[in-house]
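Participant: Input: one structure, supplied below.
Every number here is computed from the coordinates shown, using simple stated rules; none is lab data. Keep in mind that what you see is a predicted model, and the values were worked out from it rather than measured. Every residue, glycine among them, receives a Cβ derived from its backbone with ideal geometry; neighbour counts consider all protein chains shown.
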Amino acid sequence: MGQDEIIRELRAIREDLAIRHNYDMRALFDEAKRRERDGDRKVVHLEPKQIKNVTKQSA
């Protein structure tokens, strides 16, 4: 199975999901959250990291 075949398969899955949800991103998101909630896998939610002030140095 070559990389192009994998990419084609992933794109076909993505297209199938989009069609099943009428290309509605909210519906896709809601389905993903429902599957996450109802699944048996542990989901970890991490706090966002603080970005320190970064100054641009002259070259």
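Participant: List the lysines whose Cα lies under 27 Å from the Cα of Lys42, skipping any in the same chain that are fewer than 8 positions away.
Facilitator: Partners within reach: Lys33.
Participant: Averaging the inverse of every distinct alpha carbon separation and then flipping it gives the Kirkwood radius. What is it for the chain, in angstrom units?
Facilitator: With all distinct Cα pairs of the chain included, I get 15.6 Å.
Participant: Using the basic label-point model (7 angstrom from Cα toward the beta carbon), what is the Glu31 to Leu17 distance in nanometres?
Facilitator: 0.8 nm
Participant: Below 12 angstrom from the Cβ of Glu31, what's the summed charge of the other residues (Lys, Arg +1; Asp, Glu -1)?
Facilitator: Local charge sum for Glu31: +2.
Participant: In the chain, which longest range has no trypsin sites (Lys or Arg not before Pro) that are both DSSP loop (not H, G, I, E or B) and surrounded by at most 15 other Cβ atoms within 10 Å?
Facilitator: 1-40
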